[in-house]
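Here the structure comes first, spelled out in structure tokens, and everything after it is commentary.
The values are calculated or read from the model by the stated rules, or taken from the named source; none is laboratory data. Keep in mind that what you see is a predicted model, and the values were worked out from it rather than measured. For neighbour counting, all protein chains shown are included, and Cβ atoms are generated from backbone atoms with ideal geometry for every residue, glycine included.
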Amino acid sequence: MQYHAHALAESGVEVHFVGLEGTPLPRGIAEHRGITVHRLKPSTSRFRQGAAVVYSGIATGDALRLGFRLWRQLRRLPAPDLVLVQNPPAFPTLEVARLALRRRRVRFVIDWHNLGYSLLQRRLGRWHPAVRIARWFERRHAQKVDASLSVSRGMGTFLQTKFSARRVQVLYDRPASTFVPMDRAARERFRQGLFGRMGVVGGPTGFIVCPSSWTEDEDFDVVIEAVVRLEERIRGWEAAEPRRRFPQLIILVTGDGQRRAEFERRFAGLPARRIHLRARWLEPDEYPLVVGSADIGLCLHRSTSGLDIPMKVADLFGASVPVCAIDYGACLAERVRHSDNGLLFSTARQLSDLLFDLFEGYPGDQAMLERLRLGARRSARPTWDEGWKKEARDLLLAGDAAD
């Protein structure tokens, strides 16, 4: 949504950007003359309860509180011509936006990145009444809005065939201009400073970055088990020939979220010798540099719908960094091609084997990494701006959109 806001503002549109309080925005958004930022206080009572039996009731209370704050903020805005809403979160965003603005002759467009009911289904189960109601609401809104943007071809097909959505346009997530390859000298300088801050010094060190929002659709268990397996394999490999040494590996999980503290405790308990698992929040201006300095990216996203494509993959490709990603089917394959621009795995054993093969001869032998980097570089085009102008601009700016 930040990319949309910036692209619209650069097209001369006056943008009011409404979102939750929390992480700071990049300067390109926060300081843009054409963008006014409105922050809402989040409602997070549901995250303090783990049992599914009480989750739906607490989540309903959260939705009502947040819905009232959103409705109040939207009513204060100048009358818009266009409302662009990201989904998820579907609840209460879609309904509140329509209730607050429906009498103002507003064009509504949903940018579908996943299905909200599928996220709810993961916690409550497929047949829970709240899940079935949520699916009905999403389907209803898909039919009522003026147009939909879809993050994958598979998502677009689903919206048309299952939700009877009318105008649907595929708009892939693509890297912003800040995600670019780093030259070797700058990359090494940045890495050494970063590694020092993480307390990892001495010897060849491979670097794996794992962008994360710490949400429930990210499988941290698989990386924890993979680290244990990889350490065991490295010990056996080094013992077979005492003069051999496997390089150090840093796996840096970025971002922040409700689950971070839990997994940081588990990271700290790992018997690490060669593998260093770290979690860090990165400022928006530092994040592209960290991504660009990595040897490979790690995507732990397990899609709840099977129809979305994580944006972190696009960011990695923009910096010419290939990705190791959990394989969840055809929609991911629209962007990640095994052994071309990345590697796919399904289990912790497969992930540990891939990482061993990638870094066994590091840094002297990087033939596999170099081949994957070339594929990632090819996958970076078109850029976000190029794709947006071709696929989304006309749809969003139909008529005289002003907000």
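Within the range 220-255, being loosely packed, with under 14 Cβ neighbours inside 10 Å and in a loop (DSSP other than H, G, I, E, B) holds for Glu241, Pro242, Arg243, Arg244, Arg245.
For the range 318-356, enumerate the residues that are β-branched (Val, Ile, Thr) and out of contact with any Lys or Arg (no Cβ under 9 Å at 6 or more places or on another chain).
Kept after step one, since they are β-branched (Val, Ile, Thr), are these residues of the range 318-356: 321, 323, 326, 336, 347.
Once the filter is applied, which keeps residues that are β-branched (Val, Ile, Thr) and out of contact with any Lys or Arg (no Cβ under 9 Å at 6 or more places or on another chain), the range 318-356 yields Val336, Thr347.
The single condition among (1) under 20 Å from the mean Cα position of the chain (by Cα); (2) at pLDDT below 95 that Leu171 does not satisfy is (2).
In the set Gly329, Gly306, Gly297, only one residue is of a type outside the set (S, T, N, Q) and under 28 Å from Ile234 (Cα atoms); that residue is Gly297.
In this structure, does Asp146 turn out to be in contact with a strand residue (DSSP E or B) (Cβ under 6 Å, 6 or more places away or on another chain), in the same structural domain as Gly67 (by TED's automatic domain parsing), surrounded by fewer than 17 Cβ atoms within 10 Å (Cβ to Cβ) and over 22 Å from Leu64 (Cβ atoms)? Don't jump to the end; show me each part of the working.
Values: in contact with a strand residue (DSSP E or B) (Cβ under 6 Å, 6 or more places away or on another chain): yes; in the same structural domain as Gly67 (by TED's automatic domain parsing): yes; surrounded by fewer than 17 Cβ atoms within 10 Å (Cβ to Cβ): yes; over 22 Å from Leu64 (Cβ atoms): yes.
Yes, satisfied.
The single residue among Gly306, Gly292, Gly329 that is in contact with a Phe, Trp or Tyr (Cβ under 8 Å, 6 or more places away or on another chain) and farther than 25 Å from Leu230 by Cα turns out to be Gly306.
Only one of these is assigned to a loop (DSSP other than H, G, I, E, B) and buried (at least 22 other Cβ atoms within 10 Å of the Cβ): Ala294, Ala272. Name it.
On the way: Ala272 fails: buried (at least 22 other Cβ atoms within 10 Å of the Cβ).
Residue meeting the stated conditions: Ala294.
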